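Nothing in this text is a laboratory measurement; each read-out follows from the coordinates by a stated rule. None of the values given here were measured: they were computed from a predicted structure. Backbone-built Cβ (ideal geometry, glycine too); neighbour counts: all protein chains shown.
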Amino acid sequence: MVHTCLSPVTEELVRRRAEHNDGELFSLEELSLHQQDIQMIQHLEHWCRQLRILYLQNNLISTIENVGKLKKLEYLNLALNNIELIENLEGCESLQKLDLTINFVGHLSSVQSLTHNIHLRELFLVGNPCADFQGYREYVVSTLPQLQFLDGTEISRSERLRAAQGLDQIRALVHRQEEEYVKRREREKEEEAKKEEGENDESGGAEQKQQTQQEEQAELDFWQTPCSFSPESRLAAHRHLEKRRMAQDKDAQKKPPPPRTLITADGRVLNANEPKLDFCLTEDEENNTIVLDLAVYRHLDTSLIDVDIQPNYARVLVKGKVFQMVLPTEVKPDASTAQRSQSTGHLVLTMPRAEGEIRVKKQKPPVPKHRTTAAGEHVDYSSRTGSAHESLEVDSSRRVDFTNIVQRPHSREGPLETRGTTVQSEPSVSPEFVDDPDVPPLM
């Protein structure tokens, strides 16, 4: 019988799960090792003596072990495992909550081992075979007087009194059901062992024939064949999935990945965004540049980024994945810059436009060669080569007379009058004025 190797509890795994504690194990108070295919609890009582909360749900653990030295442990979650017996928890002096939901605990009398855990307040056994026993709840309530909640339901004082009254009868009933469960488990183990031997024989023949159709039929039969829900069936399903995964990995190694097409045979550049990053491409008209803002992961090391700018496209490798963008205009690769933002971590590419680029400008409407004025005059614009300030020629007979703008009191007498003030030809001299020859003239 060949079994696949399950994931052990290694120091590297525990440190990786202790990132919230800077990877330190001696002071670790909370640890989550769920969904790691763990079959045995190992090393935690030596590495993490300060643990208060331990999550081990959805693994393949069959035995509760190596946790007796965790004196400060308050919450232990072992839901969705292969545990059949409650044991080895007497040393967990601070244990307050124990979750054994959906396991295979059929020995209900094993809850007596929890009487030493005087601080235990909550216990979950729903989904176990023992939870279907007659008198299950009464037996647990009477056996563990320190409990306050069983399977999420509060234990009342009246319920506790009723359970204590018929304790002897309940114990006898539970003992008979346990014996029947043990016999049923032995039959399940024998049937599972025979089934596993038959599967090994069939798989050997299939490997010899190497026929894909038979393998697909065997896969279909495995999942459609009814089986009992037991620790053996869970292990068999895990081994089957692991074997299929390893076969797929081998096939993937044999088949090389298809080459990536970034530039077609005819020279056409394609856009690509394998790392699936957000980006923004803008044109800075003021600085005559094109700016590409690529939302690279903020905490990504810059050494994992490679930039290549060509005249008509920009390519960025982010952890080996290609981001390629076709540029709207031709740029200068040598004058381009690539910078990381210190606040957001974004990669900003600034690419100046190439010189001599042809741009489309709005054209002014053409000026007509001939135009007729409102007075009926014909003007020729085609012969003009002077400046834009050149004036049009107008007929002298239609000139405006400006002499009559300011009116006189009489048409032929006196000077012009403006708002009651008479304009004199010579300034008036005061009679007291004395002309001193030594004073130079004002003009």
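Brief remarks on what is shown
- Amide N of region 67-100 lying under 11 Å from the label point, which is placed 7 angstrom from the Cα of residue 27 along Cα→Cβ: none
- Sites residue 342 and residue 271 - FRET efficiency at Förster radius 30 Å, r taken between beta-carbons, to 0.05: 0.60
- Two-decimal log10 I(q)/I(0) for region 11-178, as the Debye equation yields it once each C-alpha is a single scatterer, q = 0.19 Å⁻¹: -1.19
- Cα-Cα over 22 Å, subset of 276/332; 72/97; 250/319; 195/243; 276/319; 97/183: 276/332; 250/319; 97/183
- Approximate spin-label separation residue 334-residue 52, in nm, with each point projected 7 Å along Cα-to-Cβ: 6.5
- Summary value for region 30-76: 47 percent relative contact order, contacts being C-alpha pairs under 8 angstrom separated by 6+ residues.
- In this label model, residue 321 and residue 263 are separated by 2.4 nm, measuring between points 7 Å along each Cα→Cβ vector.
- Simple spin-label estimate for residue 193 and residue 167 gives 4.0 nm between the two label positions (7 Å along the Cα-to-Cβ direction from each Cα).
- Using a Förster distance of 51 Å, the FRET efficiency for residue 115-residue 247 (Cβ separation, nearest 0.05): 0.55
- Taking Cβ atoms as reference points and 11 Å as the exclusive limit, the residues near residue 42 contribute a net charge of -3, counting Lys and Arg as +1 and Asp and Glu as -1.
- Among 180-188, 74-82, 154-162, 46-54, the order from most to least packed when residues are scored by Cβ within 10 Å on average: 74-82, 46-54, 180-188, 154-162
- Counting neighbouring Cβ atoms within 10 Å and putting the fewest first, the residues 40, 325, 351 line up as 40, 325, 351.
- Radius of gyration and Dmax over the Cα atoms of region 272-352, both given in Å: 12.0, 35
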